[in-house]
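Q: This is the structure, below, for whatever I ask next.
The values are calculated or read from the model by the stated rules, or taken from the named source; none is laboratory data. This structure is a prediction, so every number in the text was calculated from the model and none was measured. With ideal geometry, Cβ positions are generated from the backbone for all residues, glycine too; neighbour counts draw on all protein chains shown. For the accessible areas, the whole protein counts, side chains as well, though only heavy atoms, and no ligand, DNA or RNA atoms are used. Shrake-Rupley method; radii C 1.70, N 1.55, O 1.52, S 1.80 Å.
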Amino acid sequence: MATVATTAPRQSRPHGRFRGAALGVVAWLAGLVFVLPILWMVLTSFHSEADAATNPPSVAAALTLDGYREFFGLTGGASPWPSLINSMTASLVSTLLTLLLALPAAYALSIRPVKKWTDVLFFFLSTKMLPLVAALLPIYLFAKNTGLLDNIWALVILYTAMNLPIAVWMMQSFLSEVPVAIIEAARIDGARLPTVLGRVVAPIALPGIAATALICFIFSWNELMFARVLTGVVAETAPVFLTTFITSQGLFLAKVCAASLVISLPVLAAGFAAQDKLVQGLSLGAVK
């Protein structure tokens, strides 16, 4: 008579639970390492200049809004609103132009691939390998000879050109996941290329497009070197305005922290609003 072998259910190993707890602690510590400087900047922005300059720093010092009053020009200083508007204009318009140019280029490289499309992608990405300092003088001379110095549209064109290679590279990987059968069905129904891009491809690749747009917006908003050289008073951007707080009289730490926090808010708000699309876009194609 055959005997049926029974196996006892596996019991969770103690060292497995310990390993999971240890990894959780390491993850929390790593998160604190990244978040702590931001929290310190926020706390310092609510201190007076005297308390912010103490060594060691005074954590329990009295809180005040003087840094924010000085940043917004409520105490007689320069207003930051023109610089913030310039940064918003340059970032939004350049991001929109980048997407409009990158979408058909990525379509040609992924869904309707051209010959040696990998070489084309490498050429796009190789343009990002050029040191920015090497292109600074030619771009300055071009802007000077064409009357584009201290003009916000010079930054729009420049940011579009700077972000276009990485946008094409990212969107090509996103668009390669779009089913070709849907596009062919739309073309059989008589849809032209603009209709295919706008009504078929774009809705399917929306997470990838949102991720690309957010990255281009962050790159444009944070750019400092070209904005510092090509702008003056009229087209001054927010990062350039931030550098004006470092003067020969010293570093106004509380004011700088308040300004840094305010200038970072648009990027943080955009990232928070599009976080679900960003995660979907950056992980698109990672799991088959």
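Q: Residues of the chain: accessible area per residue at 1.4 Å, in Å²?
A: About 61 Å² of surface per residue is accessible.
Q: Considering only protein heavy atoms, what is the solvent-accessible area of Ile215 at a probe of 1.4 Å, reported in Å² to the nearest 10?
A: Rounded to the nearest 10, the figure is 40 Å².
Q: Continuing with the same structure: Equivalent-ellipsoid semi-axes (√(5λ), Cα gyration tensor) for the chain, whole Å, largest first?
A: 42, 36, 16
Q: Right, next: For the chain, with all protein chains present and a 1.4 Å probe, just round the carbon and sulfur fraction of the accessible area to a whole percent.
A: Ligands and nucleic acids excluded, carbon and sulfur reach 70 percent.
Q: For every helix of n ≥ 4 consecutive DSSP H residues, a contribution of -39,500 (n - 2.57) applies; sum these over the chain, divide by its total residues, and give [θ] at 222 nm rounded to the nearest 500 deg cm²/dmol.
A: Per the formula, -21000 deg cm²/dmol.
Q: Could you list the trypsin sites (Lys or Arg not before Pro) in the stretch 167-230 that lie in coil according to DSSP, counting only those with at most 10 other Cβ atoms within 10 Å of their Cβ?
A: For trypsin sites (Lys or Arg not before Pro) across the stretch 167-230 that sit outside H, G, I, E and B with at most 10 neighbouring Cβ atoms in 10 Å, the list reads Arg192.
Q: Could you compute the net charge surrounding Asn163? Neighbours are other residues with a C-beta less than 13 Å from the C-beta of Asn163; K and R count +1, D and E count -1.
A: Value of the local net charge: 0.
Q: Excluding Arg69 itself, what net charge comes from residues whose Cβ is under 13 Å from its Cβ, given Lys and Arg +1 and Asp and Glu -1?
A: -2
Q: Let me ask something additional. Would you mind counting up the charge near Pro80? Only other residues with Cβ under 13 Å from its Cβ, with Lys and Arg at +1 and Asp and Glu at -1.
A: Net local charge, Pro80 excluded: 0.
Q: Accessible area of Val233, 1.4 Å probe, to the nearest 10 Å²?
A: Roll a 1.4 Å probe over it and Val233 shows about 130 Å².
Q: Kirkwood-based Rg over Rh for the stretch 200-248 (C-alpha set), two decimals?
A: For the stretch 200-248, the value is 1.24.
Q: Heavy atoms only, 1.4 Å probe, whole protein assembly: order Asp150, Asp189, Asp119 by accessible area, highest first.
A: Asp189, Asp119, Asp150
Q: Quick one: check the C-alpha center-to-center distance for the stretch 151-192 versus the stretch 106-148, whole angstrom.
A: 15 Å
Q: GNM on the chain, C-alpha springs below 10 Å: top fluctuator among Leu175, Leu23, Leu121?
A: Leu23
Q: Further, regarding this structure: When only C-alpha pairs under 8 Å and at least 6 residues apart count, what is the relative contact order of the chain, in percent?
A: 28 percent
Q: Rounded, prolate or oblate: pick one for the stretch 33-72, where a ≥ b ≥ c are the square roots of the eigenvalues of its C-alpha gyration tensor, a/c under 1.5 means rounded, and failing that, prolate if a/b is larger than b/c, else oblate.
A: In terms of gyration-tensor shape, oblate.
Q: Just how much of Lys128 is accessible, in Å², when a 1.4 Å probe is used and the result is rounded to the nearest 10?
A: Roughly 90 Å² of Lys128 is accessible to a 1.4 Å probe.
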